[in-house]
Amino acid sequence: MEQTYYFVIIGVLIFDYALSSISSLLNMKNITEEIPDGFENHYDGEKYAKSQAYLKDNTQFGFFSGTFSLILMLVVIHFGLFGVLDIFVRELTIHPLYGGLIFFGIIFIINDIINLPFSLYSTFVIEEKYGFNKTNYKTFILDKLKGYLLTILLGGSVLGAILYFFNSYDENGWWIAWCLVTGFMIAVQPLFVHVIAPMFNKFTPLEEGELRTAIESFAKRVNFPIARIDMMDGSKRSGHSNAYFSGFGKSRRIALFDTLLEKHSTEEIVSVVAHEVGHYKKKHIILGTIIGIVETGIMLFVFNLFMNDSDLFSVFGVSAISVHAGLVFFGMLYAPVSLVLSIFTTALSRKNEFEADAYSLETTQNKDALINMLRGLSANNLSHLTPHPLTVFLSYSHPPTLDRIAAVNNK
């Protein structure tokens, strides 16, 4: 059985890498020389070529980082380095909860150190080259420190509770842990609005004027009370444009990037707001939360069946069974299921985006504004307008812009 686990895990790692690489290569080769119809006012030849160069640079960088990650993981598994780490942790403490937190903490630190050069290159070389990066080194470091704080407080608390319940309640630990994670997934929405997001960005109430009046008028017309309409200082870090809706009840917030306000008309921004409201009205947010809760429950239940299988631990050079090591190893064994689920969830997400676009069109009755917004966002973000179908199938949470525009035109 040990060999079966080994070949499954190694096979999945290589298959996932090969599939991702093939998809990226096909995607990069699926560029067109001619600007698609309707985008002539948003792209000139130079800007369109720039968008394709942006795609190529990101794809090549993805190849390099993906290859590095695969080789590193194969080395770690083959030489039993998880076993070395587990022995080190057990020499520090035999307490299962403290040992588990130290085990994950060391993995997190090592992983972060390894990924730091890639993050720096992506931000300060690629994004800088194409005019998107607005982050300075001080902001980058502060973001890292804030991320560490949240990981320790939130991640450590949830992980610690999972380790405690699995170690203390045996076969009942999985559903108790599931209940805890479910509560966290529900609570994180208002927590994000009031605590997490303001740690990284400044949110300023949208000024009184034409845009705010138009948004409030729309919200009233569709019976959607909004607690907050904020402008977010997205330009502090990036030139990319976006908007998002978050929160429940009195925590509802629509956040508009300042870069979005600079580049689009009132009608276009209202169409984006209508799209975000559409996600709420169509129950996409609730459905996504429920799917996440069910997925987590299934994963914890299946892990409960495998957590005492010594053959699984032997693959990674670990002799002593533990919950913390089992979570890491099972995560790799569970990868094929995760891949299938991710394909399903991204397909559902694309369907939801079409529905939100349809809601925006239905409630604003302004087809031109919605289409111009879609085209403008693509041009401002140098998006790939003709992605390969395999890439869309595997990883696109949003439909390609051309497909979205076609769907709007067919309404």
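Meeting the requirement of 3 or more residues that are of a type in the set (Gly, Ala, Ser), the helices (runs of 4 or more DSSP H) wholly within segment 23-140 are 45-78, 96-121. Could you check, for segment 222-242, whether at least one of its residues is modelled with pLDDT of 90 or more and more than 28 Å from Arg375 (Cβ to Cβ)? Checked against the condition, which is being modelled with pLDDT of 90 or more and more than 28 Å from Arg375 (Cβ to Cβ), segment 222-242 yields at least one hit. Only residues that are within 12 Å of Val273 (Cα to Cα) and not small (Gly, Ala, Ser) were counted across segment 231-256, and they come to 6. Out of Glu262, Glu267, one residue alone is of a type in the set (Asp, Glu), over 25 Å from Cys179 (Cβ atoms) and at pLDDT below 90. It is Glu262. Note on segment 140-199: residues that are closer than 28 Å to Glu127 by Cβ and of a type outside the set (A, V, I, L, M, F, W, C) amount to 8.
Glu208 meets all of the listed conditions (1) in a loop (DSSP other than H, G, I, E, B); (2) assigned by TED's automatic domain parsing to the domain that holds Asp112; (3) not aliphatic (A, V, I, L, M) but one, namely (2).
Rundown of residues vs (1) in the same structural domain as His398 (by TED's automatic domain parsing); (2) small (Gly, Ala, Ser); (3) under 21 Å from Ala18 (Cβ atoms), yes/no style:
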position: Leu312; (1), (2), (3): yes, no, no
position: Ile321; (1), (2), (3): yes, no, no
position: Ala325; (1), (2), (3): yes, yes, no
position: Leu339; (1), (2), (3): yes, no, yes
position: Thr346; (1), (2), (3): yes, no, yes
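Only one entry in Val84, Val89, Val76 is of a type in the set (Val, Ile, Thr), in the same structural domain as Gly326 (by TED's automatic domain parsing), crowded, with 16+ Cβ neighbours inside 10 Å and farther than 25 Å from Ala18 by Cβ, namely Val89. The criterion of at least 1 residues that are of a type outside the set (Ser, Thr, Tyr) and within 29 Å of Phe104 (Cβ to Cβ) is met, among helices (runs of 4 or more DSSP H) falling completely within segment 308-402, by 310-315, 323-333, 335-364, 389-395. Checked against the criteria, Ile298 counts as surrounded by fewer than 21 Cβ atoms within 10 Å (Cβ to Cβ) and not assigned by TED's automatic domain parsing to the domain that holds Pro96.
Contact annotation: residue pairs with Cβ atoms under 7 Å, 6 or more positions apart or on different chains, pairing a residue in segment 212-225 that is among the small types (Gly, Ala, Ser) with a partner that is surrounded by 11 or more Cβ atoms within 10 Å (Cβ to Cβ) and part of a helix (DSSP H, G or I), are Ala214/Thr266; Ala214/Val270. Looking at Leu149, Leu154, Leu101, Leu142 in this structure, which one is over 30 Å from Lys50 (Cβ atoms), of a type in the set (A, V, I, L, M, F, W, C) and at pLDDT below 95? Only one candidate qualifies: Leu154.
Can you find a residue in segment 270-282 that is farther than 22 Å from Tyr130 by Cα, buried (at least 17 other Cβ atoms within 10 Å of the Cβ), more than 20 Å from the chain's Cα centre (by Cα) and without any contact (Cβ under 8 Å) to a residue 40 or more places away in the chain? For segment 270-282, residues farther than 22 Å from Tyr130 by Cα, buried (at least 17 other Cβ atoms within 10 Å of the Cβ), more than 20 Å from the chain's Cα centre (by Cα) and without any contact (Cβ under 8 Å) to a residue 40 or more places away in the chain: absent.
Would you mind stating whether Gln60 is among the polar types (S, T, N, Q) and surrounded by fewer than 16 Cβ atoms within 10 Å (Cβ to Cβ)? Criteria met by Gln60.
Checking every residue in segment 266-281 against the condition of being part of a strand (DSSP E or B) and closer than 17 Å to His398 by Cβ gives zero matches. Residue-level check: of (1) surrounded by 14 or more Cβ atoms within 10 Å (Cβ to Cβ); (2) of a type in the set (Val, Ile, Thr); (3) free of Cβ contacts under 8 Å to residues at least 60 places away in the same chain, Ile114 misses just (1). Among the candidates Trp174, Trp178, the residue that is more than 28 Å from Ile229 (Cα to Cα), in contact with a Phe, Trp or Tyr (Cβ under 6 Å, 6 or more places away or on another chain) and at pLDDT 90 or above is uniquely Trp174. All conditions but one from (1) buried (at least 20 other Cβ atoms within 10 Å of the Cβ); (2) touching a helix residue (DSSP H, G or I) at 6+ places or on another chain (Cβ under 6 Å); (3) under 22 Å from Trp174 (Cβ atoms) apply to Asp311; the one that does not is (1).
For Lys202, the stated conditions do not hold, so it cannot be described as surrounded by fewer than 16 Cβ atoms within 10 Å (Cβ to Cβ) and under 30 Å from Met299 (Cα atoms). Is it true that some residue in segment 90-98 is touching a residue at least 24 places away in the same chain (Cβ under 8 Å) and of a type in the set (Phe, Trp, Tyr)? No: zero hits. Residues in segment 292-303 that are under 17 Å from the mean Cα position of the chain (by Cα) and closer than 14 Å to Gly183 by Cα: Gly292, Ile293, Thr296.
The values are calculated or read from the model by the stated rules, or taken from the named source; none is laboratory data. Nothing here was measured: the structure is a model prediction, and the numbers come from that model. Ideal geometry is used to build each Cβ from the backbone, glycine not excepted, and the neighbour counts take in all protein chains shown.
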